[in-house]
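Peer 1: Quick one: the structure is below, questions incoming.
Every number here is computed from the coordinates shown, using simple stated rules; none is lab data. Since the structure is predicted, the reported quantities are computational estimates derived from the model, not experimental observations. Every residue, glycine as well, gets a Cβ built from its backbone with ideal geometry; the counts of neighbours run over all protein chains shown.
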Amino acid sequence: MPRHAIVAGGSIGGLFAANLLCRAGWEVTVLERSDIELSGRGAGIVTHDILNRLIRATGATTDDLGVAVQERVVFDRSGAVVARRDLPQVVTSWDRVHSLLRAQVPHGSYRLGVNVTGYDDHGDSVSVRIDGQPGPEADLLVGADGFRSAVRAQMLPEVQPVYSGYVVWRALAHEADLSEAVRSEVFPHFGLYLPTGTQIVGYPIAGPGNDLRPGHRRYNFVWYVPVPEGDLADMLTDADGHRHAISIPPPRVRPDVIRAGVALAERMLPPPFVEVLGKSEMPFFTPIYDHLAPRYWHGRVALSGDAASVARPHVGMGVTKAACDAEALARHLDGAAAVPEALAAYSAERQPAGALARQVARDLGAMIFQAPDGGNSDGRNNPNLATIVSETAVVPPPLAVV
């Protein structure tokens with residue numbers, strides 16, 4: 001009889017865990033709290049060789065995965081080019097990767113509208129609690145339920161996301177809506193603007209439905225902005241006066257908060273990026289946090305992906321790290337006689353990797369605020385320009401091989 005795993009969380013990390021466990025001979029049930037199919041609102045993802053390999057390991061294809069970019073280009077406040085570097089990568093969207101992995105899950109194994117709020121480890125099995133009530137039982141529970149994980153909250157209640165002091169504004173602009181100058185000089189590249197105190201990253205991704213035709217693609221706008229914790233509390237309060245903890249759903253962001261963000265961009269950013277934002281679908285913000293669990297398991301319960309650790313998005317490894325966690329989890333459980341011992345080995349391998357990714361991302365984030373002698377208000381004299389260009393959204397070498 002195949003052993004049975006329950007995966008709490010049906011996002012990309014949970015799908016990687018489910019698919020790779022299935023390929024290791026496990027029967028898997030995925031429980032997702034949302035009652036509708038998930039969507040990442042087109043959020044961009046930078047792919048890496050290791051991520052592409054693990055997507056294929058699930059049985060999915062990487063054909064037409066995204067848009068190939070060849071060059072990184074740094075702009076100054078006027079929109080002039082400061083630096084260029086060849087760094088070929090494929091950039092894709094959250095929705096594309098999720099849909100590829102979702103299609104690989106065995107029919108009937110993915111259940112929407114099931115909210116895992118806790119678990120009971122019985123020693124020889126583990127059962128989940130659904131909205132506080134007793135739920136199904138399995139041989140293994142994988143907590144892949146994101147950085148606000150209910151599974152981690154029970155296993156390691158002391159581990160809490162720590163606010164970084166800044167947020168990221170995200171938006172998407174349709175290629176066809178942009179001026180000819182922006183389409184030719186900015187759109188094709190992985191673009192950056194690097195003054196002291198803020199940072200822009202942008203790149204092309206597919207259009208709706210993974211449309212890769214020129215003229216039908218979109219530009220992914222990512223803008224890091226410092227926000228004091230007191231001001232963040234106001235930004236996380238919706239129009240009904242409800243204060244959201246940690247993060248706020250994009251549709252609930254108040255119009256006046258969006259207007260203030262756009263006005264700030266118009267004062268601070270190069271004209272091409274102001275145009276991108278002005279032509280975008282409704283922008284939204286996400287506070288930047290990080291956290292790291294000291295261990296990724298207890299008994300028959302494992303943590304994976306953002307539930308286990310979160311590295312700030314500068315390192316571009318959220319999806320890749322979740323895929324690598326899932327690969328290691330499935331590998332250690334493949335044929336293992338004892339689940340707890342296999343999970344201990346998994347944790348020993350992946351927790352240091354999560355720690356390294358978090359530290360590299362923190363270091364890159366700190367560089368946003370480091371000023372050289374003489375200032376860097378126009379983005380031309382960033383003392384860490386070479387490091388930021390070469391290490392942003394690049395897997396640190398020790399983590400590049402599984």
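Peer 1: Choose one of Leu264, Met282, Met317: the residue whose Cα lies farthest towards the positive end of the charge dipole of region 258-324 (beta-carbon charges +1 Lys, Arg; -1 Asp, Glu; about the Cα centre).
Peer 2: Met317
Peer 1: Sort region 57-142 into rounded, prolate or oblate with this rule: let a ≥ b ≥ c be the square roots of the eigenvalues of the Cα gyration tensor; rounded if a/c is under 1.5, and if a/c is not under 1.5, prolate when a/b is larger than b/c, oblate otherwise.
Peer 2: Cα axes put region 57-142 in the prolate bin.
Peer 1: Where in the chain are the helices, taken as whole DSSP H runs, whose Cα atoms extend 30 angstrom or more along the long axis and whose Kyte-Doolittle mean reaches at least 0.0? Walk me through the numbers before you get to the answer.
Peer 2: Working: long enough: 339-366 (39 Å, -0.04).
Sorted by number, there is nothing, because no helix extends far enough and scores high enough.
Peer 1: Okay, moving on. So between Val401 and Ala371, what do we pick up on full extension, going 0.36 nm a residue minus the alpha carbon distance?
Peer 2: So the chain would gain 7.4 nm between Val401 and Ala371.
Peer 1: What area, in nm² and to one decimal, does the C-alpha convex hull of region 201-327 cast on average over all directions?
Peer 2: 11.0 nm²
Peer 1: Based solely on its DSSP helices, what 222 nm [θ] is calculated for the chain when runs of n ≥ 4 H residues each add -39,500 (n - 2.57) and the sum is averaged over all residues, nearest 500 deg cm²/dmol?
Peer 2: Value at 222 nm, helices only, nearest 500: -9000 deg cm²/dmol.
Peer 1: For labels at Leu264 and Arg148 in the simple 7 Å Cα→Cβ model, what's the distance in nm?
Peer 2: In this crude label model, Leu264 to Arg148 measures out at 2.1 nm.
Peer 1: Size of the dipole of the chain about the Cα centre, Lys and Arg at +1 and Asp and Glu at -1 on the beta carbon, nothing else charged, in debye to 20?
Peer 2: In debye, rounded to 20, the chain gives about 360.
Peer 1: Would region 104-219 count as rounded, prolate or oblate if I go by the C-alpha gyration tensor, calling it rounded below 1.5 in a/c and otherwise prolate when a/b exceeds b/c, oblate otherwise?
Peer 2: Oblate is the answer for region 104-219, as a/c is 1.5 or above yet b/c matches or exceeds a/b.
Peer 1: I would also like to ask the following. Take every DSSP beta bridge with both residues inside the chain and express the antiparallel ones as a percent of the total, to the nearest 5.
Peer 2: Here the share of antiparallel DSSP bridges comes out near 75 percent.
Peer 1: Given a Förster distance of 41 Å, report the FRET efficiency between Asp124 and His242 from their Cβ-Cβ distance, rounded to the nearest 0.05.
Peer 2: Computed FRET efficiency for Asp124 and His242 comes out at 0.45.
Peer 1: At a threshold of 8 angstrom on Cα-Cα distance, excluding pairs fewer than six apart, so keeping six or more, what relative contact order does the chain reach in percent?
Peer 2: Relative contact order comes out at 21 percent.
Peer 1: With a ≥ b ≥ c taken as the square roots of the eigenvalues of the C-alpha gyration tensor of the chain, please select rounded if a/c is under 1.5 and otherwise prolate if a/b is larger than b/c or oblate if it is not?
Peer 2: prolate
Peer 1: I would also like to ask the following. Where in region 375-402 does the label zone of Asn52 land, with the point 7 angstrom along Cα→C-beta and an amide N cut-off under 16 Å?
Peer 2: 394-395, 400-402
Peer 1: For a quick check of your reading of the filter: which GluC sites (Glu not before Pro) in region 114-208 sit in a DSSP loop and have no more than 10 other Cβ atoms within 10 Å?
Peer 2: Glu158
Peer 1: Where the centroid of each part is defined by its Cα atoms, how far is region 261-315 from region 195-255 in Å?
Peer 2: If we compute the Cα centre of each part, the gap is 8 Å.
Peer 1: Distance in nm between label sites at Thr286 and Ser34, each 7 Å beyond Cα in the beta-carbon direction?
Peer 2: 1.1 nm
Peer 1: Also, quick follow-up: With charges set only on the Cβ (+1 for Lys and Arg, -1 for Asp and Glu), what does the dipole of region 192-297 come to about its Cα centre, in debye to the nearest 20?
Peer 2: 340 debye
Peer 1: Ordered by packing density, taken as the mean number of other Cβ atoms within 10 Å over each peptide's residues, highest first, how do 139-150, 61-72, 384-395, 90-101 rank?
Peer 2: Packing order, densest peptide first, comes out as 139-150, 90-101, 384-395, 61-72.
Peer 1: Okay, moving on. In what sequence do Met268, Met1 fall when counting other Cβ within 10 Å, fewest first?
Peer 2: Met1, Met268
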